[in-house]
Amino acid sequence: MLAAIKRYPHTVRLLLLTTFSLTVARALTLPYLVVYLADNFQLPISQIGLLIGGALIIASLLSLYGGHLVDTLRNHTLVSASTLLFALAFIGAVASRSALLFFLCLVLINLALAVVDIAAKAGFCALLPVEERAEVFAIKYTLSNVGYAAGPLLGVAMLELNDHMPFIASAVLGLVMCVAYWRLGDRSLQASAPEKPAAGFGQVALGLARDRRLVCFTLGGVLSAVVFGQFTAYLSQYLVVTSSPAEAARLVGYLVTTNAVTVIALQYLIGRRISRQRLMPWLLAGMGLFIAGLLGFALAGSVLAWCLAMLVFTLGEIIVIPAEYMFIDLIAPEHLRGVYYGAQNLSNLGAALGPVMVGFALVHLWPGAIFYLLVLSVILAGVFYGMGTRKD
């Protein structure tokens, strides 16, 4: 992986570094976010979940317009402005004295991260030939998982110094990357051809709605994100109901570690082999691994069984996420890559829906039913993926 990174153009390496740094910055606050909201704003758990989930949903919807900006503005301007907004939003979060202001800052943090992510994907497509894109997407996803594995550990260590330290460190990281990209970024890079006249956002949005393949693939992405988007949340819900909170916390810790180690060890090796020519077979393999992992969760009776099921489940995640990137790269017009990647970002709606659906099922059905509902979601996602990969 390091050899591949070294041979990339300077701007590709800088985009990888920027997305990795912002991911670490975002992850620094994850372990403490719920506790911070409860301590500082005296919010009940139900309202905290609504605040965090609502911020993600709003940012995901707004990222569609962010993708339009990626297509119309220069990469240098947009990434520099987004990293600055990311840093200022963390400063605003620390300074917030009301839950509403904190919520707005959280929306801006998620939105800025999404826009930089979209700009990076569009930049990779503009800078690299088709045959090298699967590899760079695999590297980017691997680095993101390294960031989400390391960030919470660093955040917990910072909490020993000061309650606000993770937020301050995140703001500093954002400012550092803003200055670095402003000084070192490619000022001529643009996702679409400069000579092509830019359509208005309304016109572009109507065009997206008419693209049957994009609509089908977005629906498939939402349904698959129900399964893998926040798996720790719904597994925690299930385990709290079927065991004790202490046992649930212990087991979820093992599962998160298994997931992180598997992704970091195998993502690059598998992701770089995903090809545009055999996209649907790869997606079907990923869907099959998701189903096998979910059935493994339903039947697991020991820590080892849970971890083995998580390993299989994670292999599905390793395949599906880069394959989604490749599909968007396949169907997106050159001048609309940003907004197409913004549409793909709507899969976060599924990530927000997963814990809600599982919570409802745990109240009205038997606990194990959640895994069969999630299997159904995977099957429906596969149907929409199949419709999306079929040419008109």
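Taken together, the values in this text are just the output of simple stated rules run on the coordinates, not laboratory data. Owing to the predicted nature of the structure, the values given are computational and were not obtained by experimental measurement. Virtual Cβ from ideal backbone geometry, glycine too; neighbours counted across all protein chains shown.
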Handout entry: Tensor-based shape of the range 329-388 (alpha-carbon gyration tensor, a/c under 1.5 rounded, otherwise prolate or oblate)
Key = oblate
Completion exercise
Among VAL222, LEU88, LEU206, the residue whose Cα sits farthest towards the positive end of the charge dipole of the chain (+1 at Cβ of Lys and Arg, -1 at Cβ of Asp and Glu, taken about the Cα centre) is LEU206
Handout entry: Of the DSSP H helices in the chain, those whose Cα atoms cover at least 20 Å axially and whose Kyte score averages 0.5 or more
Key = 10-28, 45-72, 75-95, 99-127, 133-159, 165-184, 212-228, 245-271, 279-299, 303-331, 348-364, 369-389
Completion exercise
Projecting the Cα atoms of ALA352, TYR325, THR314 onto the charge dipole of the range 204-392, where Lys and Arg contribute +1 and Asp and Glu -1 at Cβ, the residue farthest towards the positive end is TYR325
Completion exercise
Rounded to one decimal in nm, the spacing of the 7 Å Cα→Cβ label points at ILE5 and ARG273 is 2.3 nm
Exercise for the section: Report which label in (i) 74, 50, 39; (ii) 100, 53, 43; (iii) 61, 51, 42 holds the value of Cα extents along the principal axes in Å derived from the coordinates of this structure. Expected result: (iii)
Problem - Mean separation of Cα contacts under 8 Å, 6 or more apart, over the residue count of the chain: relative contact order % - result: 27 percent
Exercise for the section: Sum up the charges of everything whose Cβ sits under 15 Å from the Cβ of VAL240, counting Lys and Arg as +1 and Asp and Glu as -1, but leave VAL240 out. Expected result: 0
